[in-house]
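Chemist: Here it is, the structure in full.
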Amino acid sequence: MNENMMRPTRTPGVLMCIGALTLTLVTGLAGASETEVRRLTLEECVGLALENNLELKITALSRRISLLDVDAALGGYDPEFRLSAQRAHRETLGESGGVAAGALEALDTKTDADSYEAALGGVTALGGLRYDLRAHFDETDGVRRGNPFDTRAGSASLTLTQPLLKGFRTDGTRYQVALARGQSAEAALRLEERVQNSLAEVEAAWYALIQARERIRVAEEAVTLATQLYEDNRRKVQIGALSSLDEKQAESQAAAARADLSAARQSHAEAQNLLKQLIYANHREIRHVELDAAGELDARPIEVDVPLSSDKALEQRPDLREARLALERQGLTVRHQKNQTLPSLDLLGSYGVAASNEDSRSDVFDRMKSADEPYWTVGVTLSFPLGNRAARSRHAQSLATRERMQLEYRRLEEAALVSVDNAARAVATGLERVQATREARDYAEQALRAEQQKLERGKSTSFVVLQLQRELTSARNSEIQALADYNRQCSTLAHAEGAMFERHGIVWDDDTGR
């Protein structure tokens, strides 16, 4: 009797495989009532990200804050209204020569004065013109040399101050308004850039989820092939037609395939969590949800035109547009600082009417209306700091900053052009790689089938079949990797061009940021 036929049956690999499948089945049945599977298309994932992504919400709030900064800067043109009321009391005691020789006369004065004033003033955007509209009323009564008196006086005036040098082309308020508007426009572009980045991240995560799912399928097929070969080898060993070494080799590959399957499932879980983080805002609420990408990996060829893509990038990339706005904003700073180096030359003019009366307030107001006592003032004020080193240094600093920003913009342009060129070349080579890996996978399948037929006829060995199984699994994973990479490379090219909205059919409003 053959010695191999006398050995007890040893099936640890089969038992482990059955145990693993049983555990998976039990776990799946136990969690079936709790797990919710959501099949999401790429468009649905994009919509959820635009609605829920926390990074987008943070950036959108920054944009809203920048708009409020513009309103705050415009508040510099709001007129200031002032009211004041004062009461003053004064007593004096003195002596003077009397009417008789050597006699002194006591002088006793007591005065109560009430003063009321209303003023409205501010600055305009008309060359820095400042205005001050003022109304004043005084009422004074008391006793002077024993004689009571009661006097009322009022005035109304308008004063205008027009800068002719410093502050004419740009003043503090206009400068702050222009800065705030520029920073708000830059914040809008940062939001746009953040949205485009999120679209690229969501798309990459969606393809990664499909890739992880397909790798599970490949790993399951590898387990099936390895387990089937192990079972065949085990039966042949039992009947003495094969050595135990072949059985051990097949058992080892089956165990390795199960380990790869566990790793693939872990990668799938991590890919789900990455996509969840991008499209949802509360992980606790969707912890029980299992995401499934409603799509397949394909390789649709796209037309690549590097010069056209480069032009699109220079025109529409948000980071480049933001850098151009920052340069314009620095130009405002340069002009403002240059204006600050000029001397102050202000043209001053005022006109008003005044009236006084010792009878009643109404008479005072009536006389002010009739403008019987007008007055006006015209003048020029010139002032300048000697040396003016502070203003000249700030102007030189602003020029140096603008030069540095121009160089940084050129560097950013060069980096954008290089990224477009790299992305375009990656798309072209990625499509070639997809075709090559697809052919390699076909050849690997054919080779395995042919070798399995040879093994059945006894013209091959288990070792060769095991090696071809490994090569087929590797070829399948390579094809999946190439397909996922190609789709990500197409997305990367669109991202480098600043064309993610066009790629996903989104109409972006720069004013509303939506």
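The values are calculated or read from the model by the stated rules, or taken from the named source; none is laboratory data. Keep in mind it's a predicted model, so treat the numbers as computed, not measured. When we count neighbours, we look across all protein chains shown, and the Cβ atoms used for this are built from the backbone with ideal geometry, even at glycine.
Chemist: Among (1) outside the structural domain of residue 294 (by TED's automatic domain parsing); (2) in contact with a Leu (Cβ under 8 Å, 6 or more places away or on another chain); (3) hydrophobic (A, V, I, L, M, F, W, C); (4) over 30 Å from residue 353 (Cβ atoms), there is one condition residue 158 misses while meeting the rest; what is its number?
Modeler: (4)
For (1) more than 59 Å from the chain's Cα centre (by Cα); (2) modelled with pLDDT of 80 or more, each residue gets a yes or a no:
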residue: 24; (1), (2): no, no
residue: 55; (1), (2): no, yes
residue: 60; (1), (2): no, yes
residue: 68; (1), (2): no, yes
residue: 83; (1), (2): no, yes
residue: 89; (1), (2): yes, yes
residue: 105; (1), (2): yes, no
residue: 109; (1), (2): yes, yes
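Chemist: If you take the residues in segment 380-398 that are surrounded by 15 or more Cβ atoms within 10 Å (Cβ to Cβ) and of a type outside the set (Gly, Ala, Ser), which one is nearest to residue 338 (Cα to Cα)? If you could, list the steps in order and put the result at the bottom.
Modeler: In the first step, residues of segment 380-398 are kept if they are surrounded by 15 or more Cβ atoms within 10 Å (Cβ to Cβ); the result is 391, 394-395, 398.
Subset that is of a type outside the set (Gly, Ala, Ser): 394-395.
Details: 394: 9, 395: 6 Å.
By that ranking, first place goes to 395.
Chemist: Name the pairs: first residue in segment 259-281 and without any contact (Cβ under 8 Å) to a residue 40 or more places away in the chain, second residue surrounded by 20 or more Cβ atoms within 10 Å (Cβ to Cβ), Cβ to Cβ under 7 Å, at least 6 apart or on different chains?
Modeler: 276/291
Per-residue answers, yes or no, for (1) among the β-branched types (Val, Ile, Thr); (2) assigned to a helix (DSSP H, G or I); (3) modelled with pLDDT under 95:
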{"residue": "282", "(1), (2), (3)": "no, no, yes"}
{"residue": "285", "(1), (2), (3)": "no, no, yes"}
{"residue": "291", "(1), (2), (3)": "no, no, yes"}
{"residue": "301", "(1), (2), (3)": "no, no, yes"}
{"residue": "304", "(1), (2), (3)": "yes, no, yes"}
{"residue": "320", "(1), (2), (3)": "no, yes, no"}
{"residue": "346", "(1), (2), (3)": "no, no, yes"}
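Chemist: Still on this structure, I have one more. Only one of these is in the same structural domain as residue 193 (by TED's automatic domain parsing), without any contact (Cβ under 8 Å) to a residue 12 or more places away in the chain and in a helix (DSSP H, G or I): 407, 412, 468, 448. Name it.
Modeler: None of the other options fit; the residue is 407.
Chemist: Among what's in segment 393-419 and is under 22 Å from the mean Cα position of the chain (by Cα) and among the aliphatic types (A, V, I, L, M), pick the residue that is farthest from residue 498 (Cα to Cα).
Modeler: By that ranking, first place goes to 405.
Chemist: Only one residue in 181, 169, 194 is not assigned by TED's automatic domain parsing to the domain that holds residue 448 and not polar (S, T, N, Q), so which one is that?
Modeler: Result of the check over 181, 169, 194: 169.
Chemist: Among the residues of segment 132-165 satisfying the criterion of being of a type in the set (Gly, Ala, Ser) and closer than 23 Å to residue 347 by Cα, which is surrounded by the fewest Cβ atoms within 10 Å (Cβ to Cβ)?
Modeler: Among those residues, the one meeting the criterion is 135.
Chemist: When the residues of segment 26-53 are filtered to those that are part of a helix (DSSP H, G or I) and at pLDDT below 50, which remaining residue is nearest to residue 297 (Cα to Cα)?
Modeler: Per the criteria, the residue is 28.
Chemist: Going through segment 228-251 one residue at a time, which ones are surrounded by fewer than 20 Cβ atoms within 10 Å (Cβ to Cβ) and part of a helix (DSSP H, G or I)?
Modeler: Here is the first cut: in segment 228-251, the ones surrounded by fewer than 20 Cβ atoms within 10 Å (Cβ to Cβ) are 228, 231-232, 235-236, 238-245, 248.
Passing the criteria: 228, 231, 232, 235, 236, 238, 244, 245, 248.
Conditions tested, residue by residue: (1) touching a strand residue (DSSP E or B) at 6+ places or on another chain (Cβ under 9 Å); (2) assigned by TED's automatic domain parsing to the domain that holds residue 140; (3) under 30 Å from residue 423 (Cβ atoms).
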site	(1), (2), (3)
299	no, no, yes
309	no, no, yes
316	no, no, yes
340	no, no, no
353	yes, yes, no
